[in-house]
Amino acid sequence: MTVAKFINHVMRKGKKTVARKIVYGAFDAIKEETKQDPLEVFERALKNVTPFFEVRARRIGGATYQIPIRVKEERATTLAMRWIIQAAKSKKGKPMSQGLTQELIDAFNKTGKAVLRRRDTHRMAEANKAFSHLAW
(Lines give C-alpha, C1' and ligand atoms only; values in the text may rest on other atoms or scores of the structure.)
Protein backbone atom coordinates (compact mmCIF):
# COMPACT_ATOMS: atom_id res chain seq x y z
CA MET A 1 0.00 0.00 0.00
CA THR A 2 2.63 2.56 1.02
CA VAL A 3 5.03 1.41 -1.73
CA ALA A 4 2.29 1.87 -4.33
CA LYS A 5 1.57 5.33 -2.97
CA PHE A 6 5.29 6.13 -3.04
CA ILE A 7 5.50 5.02 -6.68
CA ASN A 8 2.61 7.35 -7.47
CA HIS A 9 4.48 10.21 -5.80
CA VAL A 10 7.62 9.46 -7.83
CA MET A 11 5.61 9.29 -11.07
CA ARG A 12 5.81 12.23 -13.48
CA LYS A 13 3.52 12.87 -16.45
CA GLY A 14 1.67 9.56 -15.99
CA LYS A 15 4.74 7.39 -16.63
CA LYS A 16 4.13 4.76 -13.98
CA THR A 17 6.45 2.12 -15.47
CA VAL A 18 9.35 4.57 -15.26
CA ALA A 19 8.46 5.33 -11.64
CA ARG A 20 8.29 1.60 -10.85
CA LYS A 21 11.75 1.05 -12.39
CA ILE A 22 13.16 3.89 -10.28
CA VAL A 23 11.65 2.66 -6.99
CA TYR A 24 12.35 -1.03 -7.50
CA GLY A 25 15.86 -0.24 -8.75
CA ALA A 26 16.42 1.72 -5.55
CA PHE A 27 15.10 -1.23 -3.52
CA ASP A 28 17.52 -3.62 -5.27
CA ALA A 29 20.43 -1.28 -4.57
CA ILE A 30 19.36 -0.98 -0.91
CA LYS A 31 19.33 -4.77 -0.62
CA GLU A 32 22.86 -4.97 -2.03
CA GLU A 33 24.24 -2.12 0.08
CA THR A 34 22.66 -2.81 3.46
CA LYS A 35 22.05 -6.58 3.26
CA GLN A 36 18.61 -5.94 4.82
CA ASP A 37 15.06 -6.24 3.58
CA PRO A 38 14.42 -3.12 1.45
CA LEU A 39 10.79 -2.90 2.62
CA GLU A 40 11.93 -2.69 6.26
CA VAL A 41 14.50 -0.03 5.33
CA PHE A 42 11.81 1.88 3.43
CA GLU A 43 9.29 1.70 6.29
CA ARG A 44 11.88 2.76 8.89
CA ALA A 45 13.12 5.60 6.66
CA LEU A 46 9.55 6.83 6.19
CA LYS A 47 8.97 6.65 9.94
CA ASN A 48 12.16 8.62 10.63
CA VAL A 49 11.10 11.41 8.26
CA THR A 50 7.41 11.59 9.25
CA PRO A 51 6.70 14.87 11.09
CA PHE A 52 4.47 15.16 14.17
CA PHE A 53 4.04 18.94 14.09
CA GLU A 54 4.09 21.65 11.46
CA VAL A 55 3.45 25.38 11.44
CA ARG A 56 0.62 27.05 9.58
CA ALA A 57 0.43 30.76 8.92
CA ARG A 58 -2.68 32.43 10.33
CA ARG A 59 -3.53 36.08 9.97
CA ILE A 60 -5.01 37.63 13.11
CA GLY A 61 -5.63 41.35 13.17
CA GLY A 62 -2.78 42.85 11.17
CA ALA A 63 -0.18 40.25 12.09
CA THR A 64 0.58 36.84 10.65
CA TYR A 65 1.46 34.17 13.21
CA GLN A 66 3.12 30.82 12.62
CA ILE A 67 0.90 28.47 14.61
CA PRO A 68 2.13 24.96 15.41
CA ILE A 69 -0.43 22.22 14.78
CA ARG A 70 -0.39 18.44 15.04
CA VAL A 71 -0.12 16.73 11.66
CA LYS A 72 -2.71 14.09 10.79
CA GLU A 73 -1.29 10.67 9.98
CA GLU A 74 -2.16 10.66 6.29
CA ARG A 75 -0.69 14.12 5.68
CA ALA A 76 2.40 13.20 7.71
CA THR A 77 3.21 10.20 5.49
CA THR A 78 2.52 12.28 2.37
CA LEU A 79 4.92 14.97 3.61
CA ALA A 80 7.55 12.35 4.42
CA MET A 81 7.31 10.84 0.93
CA ARG A 82 7.43 14.28 -0.67
CA TRP A 83 10.52 15.30 1.34
CA ILE A 84 12.38 12.06 0.53
CA ILE A 85 11.65 12.47 -3.20
CA GLN A 86 12.67 16.15 -3.18
CA ALA A 87 15.92 15.29 -1.41
CA ALA A 88 16.62 12.52 -3.93
CA LYS A 89 15.93 14.89 -6.84
CA SER A 90 18.30 17.48 -5.40
CA LYS A 91 21.23 15.07 -5.80
CA LYS A 92 22.28 16.32 -9.22
CA GLY A 93 24.47 14.31 -11.55
CA LYS A 94 23.07 10.96 -10.40
CA PRO A 95 20.21 8.89 -11.79
CA MET A 96 17.03 9.19 -9.73
CA SER A 97 17.21 5.57 -8.53
CA GLN A 98 20.70 6.15 -7.09
CA GLY A 99 19.63 9.38 -5.41
CA LEU A 100 16.57 7.66 -4.00
CA THR A 101 18.69 4.76 -2.74
CA GLN A 102 21.07 7.11 -0.98
CA GLU A 103 18.29 9.24 0.53
CA LEU A 104 16.37 6.19 1.82
CA ILE A 105 19.53 4.80 3.43
CA ASP A 106 20.30 8.23 4.92
CA ALA A 107 16.75 8.51 6.27
CA PHE A 108 17.05 4.98 7.68
CA ASN A 109 20.20 6.09 9.52
CA LYS A 110 18.52 9.35 10.66
CA THR A 111 20.73 11.56 8.52
CA GLY A 112 20.16 13.25 5.17
CA LYS A 113 18.16 16.18 3.86
CA ALA A 114 14.69 14.76 4.50
CA VAL A 115 15.41 14.12 8.20
CA LEU A 116 16.96 17.58 8.43
CA ARG A 117 13.77 19.05 6.97
CA ARG A 118 11.70 17.23 9.61
CA ARG A 119 14.02 18.51 12.33
CA ASP A 120 13.68 22.09 11.03
CA THR A 121 9.89 21.78 10.93
CA HIS A 122 9.81 20.56 14.53
CA ARG A 123 12.22 23.30 15.58
CA MET A 124 9.93 25.95 14.05
CA ALA A 125 6.92 24.45 15.80
CA GLU A 126 8.81 24.45 19.10
CA ALA A 127 9.89 28.06 18.64
CA ASN A 128 6.33 29.18 17.94
CA LYS A 129 4.53 27.14 20.58
CA ALA A 130 3.66 30.39 22.40
CA PHE A 131 1.06 30.91 19.65
CA SER A 132 -0.48 27.43 19.94
CA HIS A 133 -3.51 28.85 21.78
CA LEU A 134 -4.46 30.60 18.49
CA ALA A 135 -4.97 27.29 16.69
CA TRP A 136 -8.39 26.82 15.18
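With respect to the conditions (1) surrounded by 15 or more Cβ atoms within 10 Å (Cβ to Cβ); (2) in contact (Cβ under 8 Å) with a residue 24 or more places away in the chain, residue 129 lacks only one, and its number is (1). Residues of segment 5-38 that are of a type in the set (A, V, I, L, M) and within 14 Å of the chain's Cα centre (by Cα): 7, 10. How many residues are of a type outside the set (D, E, K, R) and more than 17 Å from the chain's Cα centre (by Cα) when one looks only at segment 39-86? Count: 11. In segment 90-101, is there at least one residue being surrounded by 14 or more Cβ atoms within 10 Å (Cβ to Cβ), of a type outside the set (Lys, Arg), farther than 16 Å from residue 7 by Cα and within 12 Å of the chain's Cα centre (by Cα)? No, the conditions are met nowhere in segment 90-101.
Screening 10, 23, 49 for residues that are closer than 30 Å to residue 134 by Cα, modelled with pLDDT of 95 or more and among the hydrophobic types (A, V, I, L, M, F, W, C) leaves exactly one candidate, 49.
The values are calculated or read from the model by the stated rules, or taken from the named source; none is laboratory data. Source: prediction; values computed, not measured. All Cβ positions, glycine included, derive from the backbone under ideal geometry; neighbour counts span all protein chains shown.
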